[in-house]
Amino acid sequence: MGISFDKVDGSAWLTFDVQPAANVLSATDRAAKLMNPGFGRVFTEHMALVRYNEADGWHGARVESRANFPLDPATAVLHYAQEIFEGLKAYKRDDGGVNLFRPDANARRFRNSADRMAMAPLPDPVFIEAVEQLVRIDRDWIPSGEGSLYLRPFMIASEIFLGVKPSAEYIFAVIASPVGSYFKGGPAPVSIWVSENYTRAAVGGTGAVKCGGNYAASLRAQAEAIDHGCDQVVFLDAIERRYVEELGGMNIFFVFDDGSLLTPPLGTILPGITRDSIIALAKASGTEVREELYTLEQWRADAASGRLKEAFACGTAAVISPIGKVCSASGDFLIADGTGGPMATALRKQLVDIQYGRAPDPHNWIRKVL
């Protein structure tokens, strides 16, 4: 059954009604929470909210106190998993201002995810304005130093019905969580487990979509990785079970002895914004970057011969994580000496310095909120 989204474009410039929370933490209590926020455990006091229905399109844009959603037991998302989300960060500059990093790219990916999941596409300007409004009202929650404010835009199907069809109603919301540096004392090499029993996505599926179902499907494989003493899981393709695709929540890169970079091609993997940024930075510096298929057998052979010098994973949360050891049912192997490498370190510094406004932004990735 089809669904009409005729009212979407007319909602592109919604005005947000901002209603500050009545009860906010004192500066002292907030500072105590910011001392060691961890990741995704502490939340700010507000949320942005916009609703959709077929009659009104996107409407009711507001910023208000963070609160629970009242959901009927027959709400569509609970039964048919129509939901998508994004992840991006706000960074405090040395001058006290605040940067967002490529929110336009997140907005585009969110819209593409909505299209694949048969959900109402949210206009990019509404996505960006919702994020900016939340950052402005909760700016005091942005940690200093290498901390940041993690922003989680998401959309759920909110129509109340039982039946397999696209929902006619949606809730879009943005919440925020202050986070510290992902690594204490700098990025440490991670060990990864090669999943040979489970796959993440197949051609024609939702691998390129940032939806909860993809992550739920990865949890059993991630648990298997933990059982084998590894930090993360890496998935192979669903057809031949040979080609390296991505980690449970991060893209992957390989660095060779000729200075070139290789990363698996898009299609069944998430088009990571950090991934895209790394490719752009590497190419700008004259580094050859190839988006090509790469097998587990090649990975093992290149590590043994010394042709492969580094491997690293990348994503919004950790930025870049060097990979030190690869484990599998057919045997383990180290990447170089297992301690990481200079290219991952240099790319991470270059990217982070742009995000915090400490370096020039030749690609116009930064959007200054304050």
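The values are calculated or read from the model by the stated rules, or taken from the named source; none is laboratory data. Computed from a predicted structure; not experimentally measured. Glycine gets a Cβ as well: all are built from the backbone with ideal geometry, and neighbour counts include every protein chain shown. Each accessible area value is taken on the protein alone, full model and side chains, heavy atoms only, with ligands, DNA and RNA left out. Shrake-Rupley method; radii C 1.70, N 1.55, O 1.52, S 1.80 Å.
When the surface is traced with a 1.4 Å probe over the full set of protein chains, His46 keeps roughly 10 Å² accessible. Computed from backbone phi, the HN-Hα couplings of the stretch 130-137 come to 4, 4, 5, 4, 5, 5, 4, 6 Hz, rounded to whole numbers (Karplus: 6.51 cos²θ - 1.76 cosθ + 1.60, θ = phi - 60°; Gly and Pro given as x). Each part gets one Cα centre, and for the stretch 246-288 versus the stretch 78-106 those centres are 21 Å apart.
How do Asp257, Asp94, Asp231, Asp361 rank by accessible surface area computed with a 1.4 Å probe, from largest to smallest? Show your work: numbers first, answer last.
Details: Asp257 95, Asp94 140, Asp231 75, Asp361 40 Å².
Result, largest first: Asp94, Asp257, Asp231, Asp361.
For the chain, what does the helix formula give at 222 nm: sum of -39500 (n - 2.57) over DSSP H segments with n ≥ 4, over the residue count, nearest 500 deg cm²/dmol?
Value at 222 nm, helices only, nearest 500: -7500 deg cm²/dmol.
What ranking, highest mean first, results for peptides 160-173, 76-89, 14-27 when packing means the other Cβ atoms within 10 Å averaged over each residue? Let's see the in-between values first.
Working: 160-173: 16.8, 76-89: 19.6, 14-27: 12.5.
Order by mean packing, descending: 76-89, 160-173, 14-27.
Quick one: angle between helix 342-355 and the longest Cα principal axis of the chain, in degrees between 0 and 90, rounded to 10, please. Here the helix axis deviates by roughly 20 degrees. Residues whose amide H falls under 5 Å from that of Glu169, counting only those 5 or more places apart or on a different chain, are Ser158, Glu159, with hydrogens built in the peptide plane. For the stretch 208-260, carbon and sulfur atoms together expose 51% of the accessible surface, with a 1.4 angstrom probe and every protein chain in place. Each part gets one Cα centre, and for the stretch 23-58 versus the stretch 141-159 those centres are 8 Å apart. Amide H contacts for Thr295 (H built 1.01 Å from N in the peptide plane; partners 5 or more residues away or on another chain; cut-off under 5 Å): Val244. Other residues whose C-beta falls under 13 angstrom from the C-beta of Ala303 contribute a net charge of -2, scoring Lys and Arg +1 and Asp and Glu -1. Taking 1.567 mPa s as the viscosity and 4 °C as the temperature, the Stokes-Einstein diffusion coefficient of the stretch 224-306 based on its alpha-carbon Kirkwood radius rounds to 94 µm²/s. Working note: Karplus 6.51/-1.76/1.60 with θ = phi - 60° gives the stretch 49-58 the couplings 8, 9, 10, 10, 8, 5, 6, 10, x, 6 Hz, where Gly and Pro are set to x.
Couplings 3J(HN,Hα) for the stretch 249-256, derived from phi with the Karplus relation 6.51 cos²θ - 1.76 cosθ + 1.60 (θ = phi - 60°), are x, 8, 7, 9, 10, 10, 10, 10 Hz, where x marks Gly and Pro.
Percent of accessible area on the stretch 46-149 owned by carbon and sulfur, 1.4 Å probe? Display every interim value, and only then the final one.
Numbers: 1730 of 3850 Å².
Carbon plus sulfur share of accessible area: 45 percent.
Accessible surface calculations at 1.4 Å, restricted to protein heavy atoms, place the chain at 44 Å² per residue.
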